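Read through the structure below, which is laid out as structure tokens, and then see the notes.
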Amino acid sequence: MADSSFFTYTNKDFINDVCSGQQTRSRFDIALRSRWTEKRNAGLFRYHLDDLETRVLPGPCGYIAQLNIMRGIERRKPQEILSVRQNFDPKQFNFNKINPKELLFELLKESESSCEAICHQNGSKRKCKVIINVSPLEFGHCLLVPEPDTCHPQILTPLAVQMGIETVLLSADPGFRVGFNSLGGFASVNHLHLHGYYLNHQLRIETSPVEPILPKKNLYRLLDFPVGFLFYTQGPNLDLTVNAVCGLTDAMVDRNIAHNIFITRGCPPQRERDPSSSRYGVRVIVWPRLSCFGAKEESAFNVALCELAGHLPFKNREDYETVTEEGVQDIIRKYLLPQEEFSELQKHVMKCL
């Protein structure tokens with residue numbers, strides 16, 4: 001990275017031989033971790049993130065609970081959201097208004113797939129800014145903001161999905177995760193962004209069993225709780241998966257169905273339940289869910305991308321110390337799309353993709 005404000009890459013930078021538990025770092029990991037640490041040391045976060053107190057909840061799901069009291073106290077007040085399709089409002093906070101020092105770097109791909117041309121019609125390269133999350137969940141917590149000047153609302157675009165998958169492929173660390181909260185799915189800011197962070201604990205969804213829905217479109221159904229859609233790809237050509245993911249999310253936006261997405265290294269659909277297997281590919285899990293509109297209640301246990309994936313950040317010690325696997329599932333269940341609606345959505349998606 002000759003210019004520290006840019007990270008330029010090609011498909012050749014994707015890491016294929018990733019194994020659960022390995023500690024090697026790629027060029028991307030080194031750039032992200034070093035720049036993020038610099039920002040932390042410069043005091044740009046709302047609080048100093050130490051090693052978080054962590055425990056694995058007893059039970060087959062292996063939920064990862066973490067105590068992060070300061071995030072609950074110091075994070076920016078979430079915007080009021082009234083619809084999954086809410087328009088971008090330039091008067092509200094957005095990522096064009098951040099302190100320029102919060103920028104880690106811009107992602108620039110030297111050659112892109114056919115679904116995302118290198119240039120706009122005006123000839124300028126498409127960019128994705130990577131900025132710090134000033135209220136971090138975990139080490140390296142950053143935001144991927146594709147084409148911030150375009151002022152997209154919080155609705156996924158092909159470029160956003162592609163950048164999300166590609167950053168996971170750029171990392172040699174199986175603990176690097178990317179996620180997305182839609183409007184109504186506990187997104188805090190209505191300006192297109194994804195979350196990225198490191199979680200040094202294995203999650204059940206990396207190896208959860210699936211059943212095929214449309215294998216030719218890399219689409220499966222996640223069988224473990226909570227049930228969701230799962231896409232799998234090993235790259236480097238991501239067009240098929242990107243278009244299929246966007247086909248699903250577009251269908252949900254059209255129906256005003258909120259959703260959360262988690263992108264992580266995982267084993268192929270044919271090799272589930274093998275925690276020691278290599279993580280050659282990427283699992284993209286999409287959960288349709290009941291919408292939560294209006295301003296977020298900060299004291300609530302918010303069910304969003306982390307919680308659905310099995311990573312549970314807690315804002316107070318009592319909940320952190322007393323929560324059980326059954327209690328977690330009872331809370332999550334309240335936000336899931338009813339089975340009948342999920343099945344109807346699945347039938348619709350099978351016709352559309």
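The residues of the range 181-196 that are on the phi > 0 side of the Ramachandran plot and touching a helix residue (DSSP H, G or I) at 6+ places or on another chain (Cβ under 9 Å) amount to a single one, F186. Report the residue count in the range 224-261 for those that are assigned to a helix (DSSP H, G or I) and either surrounded by fewer than 20 Cβ atoms within 10 Å (Cβ to Cβ) or not hydroxyl-bearing (S, T, Y) (or both). Residues in the range 224-261 being assigned to a helix (DSSP H, G or I) and either surrounded by fewer than 20 Cβ atoms within 10 Å (Cβ to Cβ) or not hydroxyl-bearing (S, T, Y) (or both): 14 in total. When the range 50-59 is filtered for residues that are part of a loop (DSSP other than H, G, I, E, B) and at pLDDT 95 or above, the ones remaining, listed by number, are L57, P58, G59. Among the residues making up the range 156-169, those that are in contact (Cβ under 8 Å) with a residue 60 or more places away in the chain and crowded, with 21+ Cβ neighbours inside 10 Å are L156, V161, Q162, G164, I165, E166, T167, V168, L169. Just so you know, in the range 72-91 the residues that are farther than 22 Å from T324 by Cβ and not in a loop (DSSP other than H, G, I, E, B) include one that is modelled with the lowest pLDDT, and it is E74. The criterion of being surrounded by fewer than 18 Cβ atoms within 10 Å (Cβ to Cβ), among the charged types (D, E, K, R), in contact (Cβ under 8 Å) with a residue 12 or more places away in the chain and outside any strand (DSSP E or B) holds for R46. Looking across the range 317-336, the residues that are in a loop (DSSP other than H, G, I, E, B) and farther than 27 Å from H193 by Cα come down to V323, T324.
Annotation: of all residues in the range 224-245 being out of contact with any strand residue (DSSP E or B) (no Cβ under 8 Å at 6 or more places or on another chain) and of a type in the set (S, T, N, Q), the one that is nearest to H311 (Cα to Cα) is N243. A residue that is in a helix (DSSP H, G or I), surrounded by 12 or more Cβ atoms within 10 Å (Cβ to Cβ) and at pLDDT 75 or above can be found somewhere in the range 102-115.
Among the residues of the range 205-223, not one is in a helix (DSSP H, G or I), touching a strand residue (DSSP E or B) at 6+ places or on another chain (Cβ under 6 Å) and loosely packed, with under 13 Cβ neighbours inside 10 Å.
The values are calculated or read from the model by the stated rules, or taken from the named source; none is laboratory data. This structure is a prediction, so every number in the text was calculated from the model and none was measured. As a convention, Cβ positions derive from the backbone with ideal geometry for all residues, glycine included, and neighbour counts pool all protein chains shown.
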